[in-house]
Amino acid sequence: QVQLVESGGDLVQPGGSLRLSCVGNGSISSFNVMGWHRRFPGKQRELVAHIYTGGMANYADSVRGRFTISRDNAKNTLYLQMDNLKPEDTANYSCFGRLPFNRGDSWGQGTQVTVSS
């Protein structure tokens with residue numbers, strides 16, 4: 001199973017931007033679906049965005065228009081571009097990859113994003 005490691009989290013001001021990266025230690029092309037979850041300080045979890053092999057992406061209403069998910073299979077990397085960040089975006093962001101037919105899934109350890117003035 002490919003291991004995933006996130007990076008890019010930081011403390012930013014409202015309205016700022018960050019780009020999160022999720023790097024696999026092997027090819028991520030076998031993951032037909034990859035995406036990002038976030039865990040809020042209150043421990044609630046939300047599916048932020050996910051993307052399919054062909055590039056079709058879906059977003060939570062809370063981030064649509066502000067976040068962009070993408071994947072670069074050649075670099076074994078999944079990205080989340082976050083623009084116009086809001087305090088309510090403060091959370092620990094984790095990436096995941098899923099294999100088809102319930103073959104398994106991989107999760108990163110998470111990276112912290114804090115939006116505060």
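The values are calculated or read from the model by the stated rules, or taken from the named source; none is laboratory data. Computed from a prediction, not measured in an experiment: that's the story for all the values here. Cβ sites come from the backbone with ideal geometry, for glycine too, and all protein chains shown count toward neighbours. Keep in mind that these areas ignore ligands, DNA and RNA; they rest on the heavy atoms of the full protein, side chains included. Shrake-Rupley method; radii C 1.70, N 1.55, O 1.52, S 1.80 Å.
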- Compactness of the range 74-117 - radius of gyration and Dmax, Cα, Å: 13.7, 44
- Report in % the part of the accessible area of the range 21-117 that belongs to carbon and sulfur, leaving out ligands and nucleic acids; probe 1.4 Å. 48 percent
- Task: Please work out the average accessible area per residue across the range 3-117, using the 1.4 Å probe convention, and give it in Å².
- Result: 52 Å²
- Task: Take every Cα pair under 8 Å in the chain that's 6+ residues apart, average their separations, divide by the length, and report that relative contact order as a whole percent.
- Result: 37 percent
- Message: Name the residue from Leu18, Phe101, Ala91 whose Cα lies farthest towards the positive end of the charge dipole of the range 1-114, charges +1 on Cβ of Lys and Arg and -1 on Cβ of Asp and Glu.
- Response: Phe101
